Every structure is written in structure tokens, then in C-alpha cells.
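Step one of this worksheet: look at the structure below.
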Amino acid sequence: MTTPPFSREFESSDDQVQSWPSPESEHLSEPGELIAAIPALMGFCPEDSVVALCLMDTTPKTLGPIMRHDYFPNIGSELAPAMHSALEQFVRVCATEGTVAVILVMIGDHPLGELFDIAAEFNDMLTGNGVELLDVLAVPVIARGRDWMSILAPDRYGRLPDPGSSSVAAAQVLGGRVIRASRSELVHSVRGQSSNHAAIGSMIDRGRAQIASLRCAAHCSNDPFAQVRREVEEVLTQVERMRRGMFPDPRECAHLALVLSDVRVRDTVMGLAATEYADAAEALWANLTHELPVPECSFPATLLGFFAYARGDGPLAGIALAYALEADPEYSLAGLLDNSLQAGLRPDGIRALAEVGLDLARDFDVSAMPEAR
């Protein structure tokens, strides 16, 4: 069983380096505006969390990776081991990214002395790596009108504006990103299960022999890639249908599960992440993750995780990959992607897999594969 190096309480979001032009950059220089932007930046509104915002210079105008971890209260007078590990993980990512400074935001109704302890520990860790702790902000909940304060400068405080009205939220919504009310809502969007599992599972079992026979016949023919090509084209047809708002029925879901069980098909359709069909393909993977039973749901859940990861949505990627590994702990691609995500590897570090998919489409002579955008 592949064991991720870090706990499931850790998540990061990185749409590459985000440079905020005026006037948004001026607004994000204000702590209240910065805190209010966190739900849009993360894709959900975190609760009882510590959030580290990596800065690529010493102002909030340029954001790098944004990391979140569950908050763990002190044990006696000492930081909880899980909290200490979370801070260490933040520092490792900061060092890898070449972060110049960090703003730490602590969310939840926690004792002030405990917040000071966390701030002091984090500052010591960052200083040892040449990174500045620019500010530590505390807020009980990210909601309009809630009071925030700086732990480092108690005379700096204020009230939050409406998170839903922030310039960042507007930009994310216009870009098609859904902002969930909570992490649990995001989890449900991935793991919500269908009532069709038993029926689809039976269809999968009945179809195994037939698809194995077709693959064997193609392998022994003059065109050994014929069946792979047909199966990739079947996936592309479903992606095009999804683009028009047409969801696969249970029979089609079962067939897609069998098709995606071939790693050559799976690796090829990963190329869609680099095309204009990326959104439709991701919607198909999300639908199949709901519809397919264990362990077959690990195939689309891994693809969902990859597509989310490639576009910088670390929270969604982490939840999808965790589900894939829960369904099939030995699914190697899910383990590889999950380890990369937990280690803080940037999205551009895994986007090359999409290019490999497009290369495979050419090798298999899949003429219907769209070009890279």
C-alpha cells in the first residue's frame, strides 16, 4: 500500500504565481481583503485551519502556493506534534518554491496564547530557511463583518469585507471555478455516491470477457493498436457529449470503466488536460467518480485528481486522489500524483504528463484527439 508522506489534513492550491494587477493588488495589500480572498483562492471556505500564503516578494501583490492544514490545539504548553509537522511541511514547500515571505492566517476561535506559540515556532522555522514571516493574522471564521487581528501587531485589526464580493472571487467565478462553502462540501462533490453502483458493477463484470477478447484480437492483428484507438475515440465521444451537457447512462459508465482500465487509454486521454476539452473531460471524470463502484472508481478519480492538479486546484486534486487510493491502494498513478502533491510539486511539474498523452494519441493514430491549446 502506498502511504503518502504527509497527512490528509494538508492541502495546497497553486495556479502558478498569481500576479494581481491594480486595483486588485492594492486591495490585497489590506489584511482584511487578503483573508476574505482565501475561499476563492482555495476553492472552499476553510474552518479551524492554518493557511500559509507564500509571497514571491515582500508584499501580498504576488502570491505563490497557498497551503492549508487542519488546526491542532496545544497539548499542555507544547505545540501538538501534528501542528509542528504541519508547520515543517509549510517550510519545506516554501524552501522548494524560493518563497521570499509568508503570511500565516489562523482560522478558528482559539486561545491567543496558543496562536502566539504557533507564530513563534513558525517564525523560527522560516528564519532558519531565510524566509520572512511577514504577518500572522487571526480570524474566528471567514465571513463578512467578522473581526480579524494581527498577532504580530495587535494594534492592526479590522473587520472582514464580504468574501463573495472580493475581486479574487469574482475572477474565479468568471473563470468557471466553483467556490464551496466548506471543505466538507468539496469532499461531497467528489465522493457523493450513486444509487447505480450495484447495477453498474454487474455490467462491468459481464463486459470484462468481451473487452479482453477484443484487445487480444487486436494485439494479434496487423494493427495492434486498433482496439486502443477505438477505446480512446469512445472516451473522446463521451467527452464531446459531456461538453453538450449529455451525461453517460449506466451502461456507458460501465463501458468507460472497462475502457479506462487499460493504462494506454488512460494515459492517452490525460492529454486532454492540455486541450480546449479539459473542462468537459474533467466533468466526465467527476461524473464517473460518482457513478462507478469500488475499485473501478479509482480510474476516473485519478484522472479527476490529475486534471485538478494540472490547473492548480490542489484541494480538489488531493481529495480526488485520496479517494482513488482508498478505492485501490495499489493504483500506482494515483500514488505517484498524491506523493507529488503532498510534497508540494508545482502543477507545471506534472503537466508534462498531458504532453505525453498527446504524443501517445499520435503514436496510436487517434485522429479525433484535439490539438494542444
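The values are calculated or read from the model by the stated rules, or taken from the named source; none is laboratory data. Note that the structure is predicted; figures quoted are calculated from it, not measured. Cβ: placed from backbone, ideal geometry, glycine included. Neighbour counts: every protein chain shown.
So that you can scan it fast, the table gives a plain yes or no per residue for (1) of a type in the set (A, V, I, L, M, F, W, C); (2) part of a helix (DSSP H, G or I); (3) at negative phi:
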{"position": "LEU186", "(1), (2), (3)": "yes, yes, yes"}
{"position": "SER194", "(1), (2), (3)": "no, no, yes"}
{"position": "ALA198", "(1), (2), (3)": "yes, yes, yes"}
{"position": "GLY201", "(1), (2), (3)": "no, yes, yes"}
{"position": "ILE211", "(1), (2), (3)": "yes, yes, yes"}
Can you list residue pairs whose Cβ atoms sit under 9 Å apart, with the first residue in segment 192-215 being more than 20 Å from THR289 (Cβ to Cβ) and the second being charged (D, E, K, R) and in a helix (DSSP H, G or I)? Count only pairs 6 or more apart in sequence or on different chains.
ILE211/GLU231; LEU214/ARG230; LEU214/GLU231; ARG215/GLU231
Selection count, segment 325-350, where residues are at negative phi, surrounded by 17 or more Cβ atoms within 10 Å (Cβ to Cβ) and part of a loop (DSSP other than H, G, I, E, B):
5
So, of the residues in segment 246-289 that are more than 20 Å from ARG229 (Cα to Cα) and either of a type in the set (D, E, K, R) or at pLDDT below 95 (or both), which turns out to be surrounded by the most Cβ atoms within 10 Å (Cβ to Cβ)?
GLU282
Return a yes/no flag: does segment 326-339 have any residue that is over 25 Å from ALA181 (Cβ atoms) and at pLDDT below 95.
yes
Yes/no for VAL50 being at pLDDT 90 or above, aliphatic (A, V, I, L, M) and touching a Leu at 6+ places or on another chain (Cβ under 8 Å):
yes
